[in-house]
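Visitor: What follows is a structure written as structure tokens; I'll ask about it next.
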Amino acid sequence: MKNKRIDNSGPNRIEREQETAPSASKKLEQRHRRMQSRIGRLRRNSVTGALMAVLILAVAFAGFKVSSDNEQAIRLALGQSNYAVTGEEGPQYFASEYEDDAELRTDSSELAKRIQREGIVLLRNADEVLPLRKGAMVSVFGKGAVNPVYCDEKTAASAVTLKDALEAEKIRVNEKLWNFTQRGGRNSFSGSVEKSMEEYSEAAVVVISRGAGPADLFEPAYVEAEESGEPVAAGAKALQLTEEEKELLAYVGERFEQLIVVLNTENPMEMGFLEEYGIDGCLWTGALGTNGMTAVAEVISGSVNPSGRLADTLVYNSLNAPAAANLGDYEIRNSKVKYGDRYLVYAEGIYVGYRYYETRYEDTVLGTSSRSAFDYDKEVAFPFGYGLSYTDFELRDMTMELGKKGYEVSVSVHNTGDRAGREIVQFYIQKPYSQYAEKNGMEIPSVELAAFVKTKEIEPGESARVKIVLGEEAFKSFDAAGRGTYIIDGGTYLVTAAQDSHRAVNNILMFKMKGGSEAFSGSGDGGLVETADLVRDTGSYAVSSQTGYEISRVFREADPAAYDTDYRQLTRSLWGSTWPVTWNGGSYSAPASFQDLLKVSSKEDTKAEAPVYNKAHGEKNAGLVSLRETAFDDYRWGSLLDQLTWRETYSLVRKGGGVVNEVISCISPQAMISADKFGYPSAAVLASTWNTELILQMGQMIGEEALHAGVTFWQMPFLNLHRTAMGGSNGDSFSEDSFLTGSMAAALCRGLGGKGVIPVLGRMVLADQETNYTGVAVMAGEQALRELYLRPFEIALRDGGSGMKAVMAGMNRVGPRWCGGHSGLLTKVLRDEWGFSGIVMTDRIIGGADEYADILEGLEAGTDLWQNTSNNNYKLRGGQLTYGVRARFRTAAGRILQTISRSNAMNGIGTKTTLDYKTPKWRTIRAILAGVVVVISAALLWYAFVQRSKAGRLRARIAQEKRESSRSRRR
């Protein structure tokens, strides 16, 4: 510190300087404080820079890891591939008939409209309120009119409105009311809107819309019981009208003489409102496809005569169905297995849909069931197969003779009305409910659909002769408790031609001379029944007609009776005492044997030999194209598989989410998997056409769409049944009936196969409920499992043409075993009995389900491809990769390659074509971004270093100045 300067001018001045001028010491302190403040800023800057660098690196590392783990999903989203096609381009094995995408879209949209036309069902037409005349002035009501349910959002975005469609048919629509509804107006109509209704008063059209899924609709609606005053379930809430819809129908009914309701719904509605509100006309449309509203307007105007028929039974109370007692969320309370603590029981057995209602009805008429316990007219609003036309048809002159291929059945269809139209002739079988069947629990429904034909258009006064052939196999039943296989029971079998399931039963009752019963409802014609007397046969159908494999029980562990000695499945011999209740009250304490089967497990193949990889049998690797027409048991397939590396084999099987990956070593290109609806109506609408030829054309057109979109595997509508009206996936599946479902699926398969598209048949099996879909243990008797739930898959695979097919294993369980890990299902039934040679794939692997849908268990059972996109899932290492495991991977890879070889994925691949690995653009961009991140992080770290260095130099300077100051004071 410097000494004070002494002013010799006098003491007063010295004092003044001491008082007014800061000392040198204080100046230094102030300077150091400023420097310390700067040091703080520099240190903060340094820390901030370092933290930012670390944060950026951490985010970049996390992003790199996530992108690496989900490489396949990113590549699919961006539409990029891992390889380039080089060499000489090969032929187009499946060529498109369309060069222009716009022309394809036009024809596809027109076909979707044709399907909608034929799928619309006319349910009621009192006093011939429909069709409306040209020039009719109508008022259209309901939110569903301006915002209807379509098959998907893409279709809805380009849809024609009902107003425009009706006006195109020369029907004038109340524009003021339409605009009011479009603006979100509800039931509080303004005076001017009500005034407009007076002008547009010829008819009111009310549209009621309901979308389906993904949740099951099992929430009940309650009413107060008349006697006890207690609340009782009066149906499924979502399948009834809302209070707003009730108010609207009451309002409209007071103001219009003619009231028409359009049901734009996927799940079957409860139909009591038709009588309650005096509805004159009613159409069911299902979820609409492209130009769907145009088809609706054409039916309303009469340009199109409706020819759709119901694919489900429409009832008054959906909760009265026997399956409704076991639809919901039920726990296995003592299970600790992930995705293994929920169950569901099909206690109704085979009595689903019309199989229940018509069987209970016949038993009531015959006196074997109490009429007080069941009144058909109070239960069923419209039977399965029902539908009206703007003309009338009669069936006459039925005959049946035994021919070389089976029973040749024919019937004449007469148009007795005044308009041209098409009729659907439905052929039903009644098997004998014998003492043997009753004793052994082999349930026999009153009628079962066995065949159907949709006629060509028949002019008024004209007729058409319809012929079918019923093979004797149509008369077999699965005898689970007795012979444990398929048998033909001895007795008289009845065959009838009818226009719906109820008329079929009535025909049989008239044939049995029971039409005079008080319980008899409707009309029938005993002349439309033929008989076949068959002797008992326990051997002919105990072996597969496709493969010769012996058929036996393979689903014992799925039967609740295996774990509960008191369990009784619903039987027609004891309707009352076996009526289903929620099994175990919805909370099941499973025995140890059941819990053990819930756990993931697989066995080692100790006989497997060391696999061969990366070995060419010749000068160079053979291409997959060289085996396009080679039988699958040819030795050359083994040689081809020898060429694959382990990494290719492993990736091909475990990473099939959205795409089947390429295999460079054998020149197998990638094959895309898609579930795009391409603008077609919902599956229930397809089934309601009852027109397999039209659905075959749809398959062909989707094949064209797939060729243009680069799609090889197309996920078809599900082949699961509408077990109840409340199923969340009902909109994505066809019908309550197994034969109708299988027939529609087979037609689609035939159409797709001609374009090299692989149809994916899902979800096998018992996946009829969305609640707890992943992991729910579904228990059912083997007769129901085979005759109802497996039969659609069997029909589709047998009658779906020669093209390759794929099956999607459900994420649920058959009994306690995951579908994809059930060897009885996928090997014994699917491959050994049915002769299936395609691939089995999983449903999408999401939400940690990889721990449940185990790859080792699945490979052993017969699953080939996991719809998984994550690199983190199904990592196998070390001791897991035994010879047996590798052999199963090889088998699965072989099936995948065999399927691809017959598909449109091979288009452009010839004997001189090669595939070369290339880095996808997104990975190049990722590498560039990684470099940028490194540069930025390095710059930030350098900045942090510089700031810290500056702070260090300042600290050193302060220390130096303090030392100098200290020395000065000492001097």
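Visitor: For region 276-289, in order, what is each residue's ³J(HN,Hα) by Karplus, 6.51 cos²θ - 1.76 cosθ + 1.60 with θ = phi - 60°, in whole Hz (x at glycine and Pro)?
Guide: Once θ is set to phi - 60°, the couplings for region 276-289 become 4, 10, x, 6, 8, x, 9, 10, 10, 10, x, 6, 7, x Hz.
Visitor: Check which residues have an amide H placed less than 5 Å from Ala451's amide H, if you skip close sequence neighbours.
Guide: So Ala451 has HN proximity to Phe427.
Visitor: Can you give the calculated 222 nm mean residue ellipticity of the chain, where each DSSP H run of n ≥ 4 adds -39,500 (n - 2.57) and the sum is split over every residue, rounded to the nearest 500 deg cm²/dmol?
Guide: Numbers: 26 runs with 327 residues, N = 971.
Estimated from H runs of four or more residues: -10500 deg cm²/dmol.
Visitor: When the accessible area of region 572-621 is split by element with a 1.4 Å probe, what percent falls to carbon and sulfur? Each step should come with its number before you reach the end.
Guide: Details: 1610 of 3300 Å².
So the carbon and sulfur contribution to the accessible surface is 49 percent.
Visitor: Using a simple charge model, +1 on the beta-carbon of Lys and Arg, -1 on the beta-carbon of Asp and Glu, nothing else, what dipole does the chain show about its Cα centre, in debye to the nearest 20? Before the final figure, lay out the partial values.
Guide: Values: 113 positive and 122 negative charges, 2025 e Å.
Magnitude of the dipole: close to 9720 debye.
Visitor: Relative contact order of region 847-971: what whole-number percent is it, with Cα pairs under 8 angstrom and at least 6 residues apart?
Guide: Values: 21 pairs, mean separation 24.8, N = 125.
So the answer I get is 20 percent.
Visitor: Moving on to the next point. Per residue of region 915-926, in order, report the coupling 6.51 cos²θ - 1.76 cosθ + 1.60 (Karplus, θ = phi - 60°) as ³J(HN,Hα) in whole Hz, putting x for Gly and Pro.
Guide: 10, 10, 4, 9, 7, x, 4, 5, 6, 5, 4, 4
Visitor: Counting other Cβ atoms within 10 Å of each Cβ, which trypsin sites (Lys or Arg not before Pro) in region 106-194 have at most 15 and sit in a DSSP loop? Mind showing how you got there, number by number?
Guide: Details: sites: Lys113, Arg114, Arg117, Arg124, Arg133, Lys134, Lys143, Lys154, Lys163, Lys170, Arg172, Lys176, Arg183, Arg186; in loops: Arg133, Lys134, Lys170, Arg183, Arg186.
In loop regions of region 106-194 (DSSP not H, G, I, E or B), the sparsely surrounded trypsin sites (Lys or Arg not before Pro) are Arg133, Lys134, Lys170, Arg183, Arg186.
Visitor: Okay, next question. For region 840-944, with the dipole built from +1 on Lys and Arg beta-carbon atoms and -1 on Asp and Glu ones, taken about the Cα centre, which of Ala849, Met906, Tyr883 lies farthest toward the positive end?
Guide: After comparing all options, I get Met906.
Visitor: Farthest toward the dipole's positive end in region 36-161, which of Ala50, Ala60, Ala73, given Cβ charges of +1 (Lys, Arg) and -1 (Asp, Glu) about the Cα centre?
Guide: The Cα lying farthest towards the positive end belongs to Ala50.
Visitor: Give me the distance between the Cα centres of region 532-569 and region 270-311, rounded to whole Å.
Guide: 42
Visitor: How large is log10 I(q)/I(0) at q = 0.19 Å⁻¹ when the Debye formula is applied to the Cα atoms of region 80-210, each weighted equally and without solvent?
Guide: Summing over Cα pairs of region 80-210 leads to -1.26.
Visitor: Quick one: helix 243-255 against the long Cα principal axis of the chain, what's the angle to the nearest 10°, folded into 0 to 90?
Guide: Between helix and principal axis, roughly 50 degrees.
Visitor: So who's got an amide H within less than 5 Å of the one on Val304, skipping anything under 5 residues away but keeping other chains? H placed 1.01 Å off N, in plane.
Guide: Val299
Visitor: How large is the convex hull of the Cα atoms of the chain per residue, expressed in Å³ as a whole number? Could the numbers behind the result be given before it?
Guide: On the way: hull volume 286.9 nm³, N = 971.
Dividing the Cα hull volume of the chain by its residues yields 295 Å³.
Visitor: Under a 1.4 Å probe, what is the accessible area of the chain per residue, stated in Å²?
Guide: 42
Visitor: Quick one: Cα centre-to-centre distance for region 912-971 and region 374-426, in angstrom?
Guide: What the calculation gives is 85 Å, centre to centre.
Visitor: Using +1 at the Cβ of each Lys and Arg and -1 at the Cβ of each Asp and Glu in the chain, identify which of Ile664, Pro231, Val453 lies farthest towards the dipole's positive end.
Guide: Positive-end residue among those listed: Ile664.
Visitor: Compute the longest continuous run of the chain that contains no exposed GluC sites (Glu not before Pro); treat a site as exposed when its DSSP state is not H, G, I, E or B and it has at most 10 other Cβ atoms within 10 Å. It would help to have the intermediate numbers written out before the result.
Guide: Numbers: sites that count: Glu88, Glu99, Glu226, Glu227, Glu518, Glu609, Glu619, Glu629.
My reading of the result: 630-971 is the longest stretch.
Visitor: Going by Cα centres, region 463-493 and region 89-153 are how many Å apart?
Guide: If you average the Cα positions of each part, the centres end up 38 Å apart.
Visitor: Okay, next question. Each residue of region 65-81 in order: what ³J(HN,Hα) in whole Hz does its phi give by Karplus 6.51 cos²θ - 1.76 cosθ + 1.60, θ = phi - 60°, with x for Gly and Pro?
Guide: 5, 4, 5, 5, 5, 10, 3, 5, 5, 5, 4, 5, 4, 8, x, 10, 10
Visitor: Residues with amide H under 5 Å of Leu761's amide H, sequence separation 5 or more or different chain, H placed in the peptide plane at 1.01 Å from N; which?
Guide: Close amide H contacts, sequence-distant or interchain: Ala806, Val807, Met808.
The values are calculated or read from the model by the stated rules, or taken from the named source; none is laboratory data. Model, not experiment: these values are computed from the prediction. Using ideal geometry, Cβ is built from the backbone for each residue, glycine included, and neighbour counts are taken over all protein chains shown. SASA here: full protein model, heavy atoms, side chains in, ligands and nucleic acids out. Shrake-Rupley method; radii C 1.70, N 1.55, O 1.52, S 1.80 Å.
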